[in-house]
Every structure is written in structure tokens, then in C-alpha cells.
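The values are calculated or read from the model by the stated rules, or taken from the named source; none is laboratory data. These figures come from a predicted structure and were not determined experimentally. So basically every Cβ, Gly included, is an ideal-geometry build from the backbone, and we count neighbours across all protein chains shown.
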Amino acid sequence: MRSLICSLPGSFLYKEMDVPVLRPHHAIIKIKRIGICGTDIHAYQGTQPYIDYPRILGHELSGDLIDADDADGFVPGEKLTIIPYFHCGICIACRNKKPNCCVKLKVCGVHIDGGMVDYLCVPSAALVHNDGLNYDELALIEPLAIGAHGLRRANLIPNEFVLVIGAGPIGLGTMEFARIAGGQVIAMDNNDDRLAFCKKNLNVEHIIYASKDNVAGKLIEITNGDMPTVVIDATGNQQAINKGLTYLAHGGKYILIGLQKNEIILSHPEFHRREATLMSSRNASRQDFEMVISCVKKKLIDPSVYITHREKFEKVADEFNSWLDPKNHVIKAMVEMD
């Protein structure tokens, strides 16, 4: 079968591999779609903290079930997606129903090889029914679930002001679920095109251009002097993460969905005087996947608007660099296997 390997930062290599053999409690999937995400980009750039090389990337996936063991309710030929965070089931986090941050977590395409292949073997417990969604929609459930999980961490109250820093796909999904939860969404980014996308496609009312606007002044104006009670970073940029606390209301919550390699540096006096709550948000749970699928079915969110670029699998190595260039206005690139 075909595979695409990120052999080193900045380098892809196509290679023929053996088709995986079915193992107990596992399933074989024929991959149909692969969404390109920030994790893939950071791995390619050498800035993803959990990646070892060589690595087959890809975890925003959809496909057809070929065969499975211990997968009650699933049938060969079924269209599906997966929860690509493979947990141990026995550690403290798993016992406390937080498998998304399992002590021994193996994320597909990060800690172990991922979905840039024709066929992938995954634990049967990771399978998710299609519930009437198509391949494109199914491949986008995972990144949307990341945003849904981060928003669920915020425990949002209707009409709360929510500042989402970063208007990439994860940030956009976070904005969508903040809106669905009744929040007043504020989008902030350096990219004019992505902020225009927020206004046009997501109906985000409040927009802040990070490099042009007086950010603090705009936030004071929008929130009537209070500042946002929830600030969510979806950039994975160290400078943005370190600065995000300064935009938070007293008594507010600062939630980090974005991830970077280095230390978080916050002013302790600023953090302390706010009595702020700092949270990380890692991956997502089955509950989040099910909620996203429900929202898509109810037309509360339309994943198709995120897809700005498509490419065949055999051309990904040549095109990947172009997806990193802001001039090409990429929101979500979708890889088609056939």
C-alpha cells in the first residue's frame, strides 16, 4: 500500500508498505479523506513537541471499515471516522473518564504512525459511526471536537464574552461552539483573510486585528470595560500564549488549546490579582465527537465551508509547502485518497 512519511522536518517521502494485518480488538480502515491540521504543519516544521521522526502523519480521517474484531454494531463497508487518541483504559486519567489525557496516550500521527496510508489499523474502541455524514464531514469531526472540548472546559455562561485568539481551523471551530453555547464571540488574529472568513462564514460580530488594533482598547470597548471572562488560545504561538492573560477579566478563565514546545511565562502578579483560572485542553472525548456530529446533522455548523483546498494523495508532498503560505488563503486542505 501507499504511505507518505515525514522523514525529517521539511521532508516527505512516499514509500510502499505492507497492508496491516487485523489484530485482536482492532479494525482495518481503508482511508478516504485526510484533513491537514496544525499538528501536521507543526510536525513538518519541526515545532511539534511530541513528534519523533520518521513519522507518518494524519489523524483527521474518514474511510470505510474493511474488517474488525470486537466492534459490536459496526459492519464491513461502513463509512466512519475515528477518535485518534488511543488510551490505555487503566491509568488515573482513564479511570476518571478522561481518556483524552491518558498517561500512556498514543495519538495517531503523533506518537505513532497515522493515516497518510491506504489502510490503517486502529483499536476498535476508536470507531465512530457516520450517522449520515459524508467523507468530508467525517474527516472534519476531529478538529471540530478539539474546539468543542476546549469550549466545554470553559463551562460557558450565555452572553459571556469569549475571546478566541487564532482563527485557524481549531480556533474557528472553537468560535462556532462558543456561539452555539450562547457566548459573545470575539475573534483575534493577524491574518486579514481569516478574520474576513470569521465575519462572512461564521457571523462573528467582534473582530480584532492583532497587529493593527489597540487590542486592550478594543476589548474594553466591546465588553463595556469588563474584558472577556473567557480567553482561549488556539494559536500554539509562544508570544500569543504568554500575552493572552493580559486580555482576561478579573475572575476569568484562560484556556490553552494551542500547544508549543517551550515554557509558559506569565506575570504572577497579573495572574494572582485576577484570581484567574488557567486550564489546558487536550484532544477531545467521545462525548465531544457525538456533540459535533449532532450539531452538523442539525445544520448548526457546516464543516464544508472550512475546505478551501483539495489534493490527491500522490501530490501532497509537492503541494504541502504551498499550504503554509498565507498568500494561498488556506483554511483547510483536504487530501483525497482516490
>> Out of the residues in the stretch 88-118 meeting the condition of being within 21 Å of the chain's Cα centre (by Cα) and aliphatic (A, V, I, L, M), tell me which one is farthest from MET337 (Cα to Cα).
In response: ALA93
> Can you tell me which residues in the stretch 227-238 are crowded, with 19+ Cβ neighbours inside 10 Å and either within 24 Å of the chain's Cα centre (by Cα) or within 16 Å of GLY166 (Cβ to Cβ) (or both)?
Replying inline: PRO228, THR229, VAL230, VAL231, ILE232, ASP233, ALA234, THR235, GLY236
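Return the total of residues in the stretch 135-188 being of a type in the set (A, V, I, L, M, F, W, C) and assigned to a helix (DSSP H, G or I).
The first filter runs over the stretch 135-188 and keeps only residues of a type in the set (A, V, I, L, M, F, W, C), leaving 138-141, 144-146, 148, 151, 154, 156-157, 161-165, 167, 170, 172, 175, 177-178, 180-181, 185-188.
Restricting the remaining residues to those that are assigned to a helix (DSSP H, G or I) gives 138-139, 141, 144-146, 148, 151, 154, 170, 172, 175, 177-178, 180.
Going through the stretch 135-188 one residue at a time, the tally reaches 15.
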> Exactly one of (1) crowded, with 17+ Cβ neighbours inside 10 Å; (2) in contact with a helix residue (DSSP H, G or I) (Cβ under 6 Å, 6 or more places away or on another chain) is unmet by ASN262. Its number?
Replying inline: (1)
> Which pairs have Cβ atoms under 6 Å, sit 6 or more apart or on different chains, and link a residue in the stretch 261-287 that is closer than 21 Å to THR47 by Cβ and at pLDDT 95 or above to one that is of a type in the set (Phe, Trp, Tyr) and surrounded by 18 or more Cβ atoms within 10 Å (Cβ to Cβ)?
Replying inline: ASN283/TYR85
> For LEU22, which of the numbered conditions (1) assigned to a loop (DSSP other than H, G, I, E, B); (2) touching a Phe, Trp or Tyr at 6+ places or on another chain (Cβ under 6 Å) fails to hold?
Replying inline: (2)
> Quick one: would you say ALA249 is among the hydrophobic types (A, V, I, L, M, F, W, C), under 18 Å from the mean Cα position of the chain (by Cα), in a loop (DSSP other than H, G, I, E, B) and at pLDDT 95 or above?
Replying inline: no
>> Going residue by residue through the stretch 44-58, is there one that turns out to be in contact with a His (Cβ under 8 Å, 6 or more places away or on another chain), among the hydroxyl-bearing types (Ser, Thr, Tyr) and closer than 20 Å to ILE82 by Cα?
In response: no
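Residue under question is SER304, and the condition is that it be at pLDDT 95 or above, among the hydroxyl-bearing types (Ser, Thr, Tyr) and part of a helix (DSSP H, G or I); does it hold? It would help to see each step written out before you state the result.
Details: at pLDDT 95 or above: no; among the hydroxyl-bearing types (Ser, Thr, Tyr): yes; part of a helix (DSSP H, G or I): yes.
Taking the combined requirement at face value, the residue does not satisfy it.
Output yes when any residue across the stretch 205-226 is within 17 Å of the chain's Cα centre (by Cα) and outside any strand (DSSP E or B), and no when none is.
Taking the stretch 205-226 and keeping what is within 17 Å of the chain's Cα centre (by Cα), we get none.
No, the stretch 205-226 has no match at all.
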> Among the candidates CYS101, CYS88, CYS94, which residue alone is without any contact (Cβ under 8 Å) to a residue 12 or more places away in the chain and farther than 19 Å from MET334 by Cα?
Replying inline: CYS94
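Please work out which residue is farthest from the chain's Cα centre (by Cα), limiting yourself to the stretch 193-204 and to residues that are surrounded by 13 or more Cβ atoms within 10 Å (Cβ to Cβ) and outside any helix (DSSP H, G or I).
VAL204
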> Taking the stated definitions as given, is CYS91 in the same structural domain as ALA126 (by TED's automatic domain parsing), within 24 Å of SER280 (Cα to Cα) and in contact with a Pro (Cβ under 6 Å, 6 or more places away or on another chain)?
Replying inline: no
>> Any residue that is assigned by TED's automatic domain parsing to the domain that holds GLY46, surrounded by fewer than 19 Cβ atoms within 10 Å (Cβ to Cβ) and not in a helix (DSSP H, G or I) - is there at least one of those in the stretch 319-328?
In response: yes
> Which condition number does SER3 fail, the rest of (1) touching a residue at least 60 places away in the same chain (Cβ under 8 Å); (2) assigned to a loop (DSSP other than H, G, I, E, B) being met?
Replying inline: (2)
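Is it the case, given these coordinates, that VAL75 is in a loop (DSSP other than H, G, I, E, B) and free of Cβ contacts under 8 Å to residues at least 12 places away in the same chain?
Working: in a loop (DSSP other than H, G, I, E, B): yes; free of Cβ contacts under 8 Å to residues at least 12 places away in the same chain: yes.
Considered against the rule, which asks whether it is in a loop (DSSP other than H, G, I, E, B) and free of Cβ contacts under 8 Å to residues at least 12 places away in the same chain, VAL75 comes out as yes.
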> Residue check, SER267 against (1) farther than 30 Å from ASN224 by Cβ; (2) polar (S, T, N, Q); (3) out of contact with any strand residue (DSSP E or B) (no Cβ under 9 Å at 6 or more places or on another chain), all met but one. Which one?
Replying inline: (1)
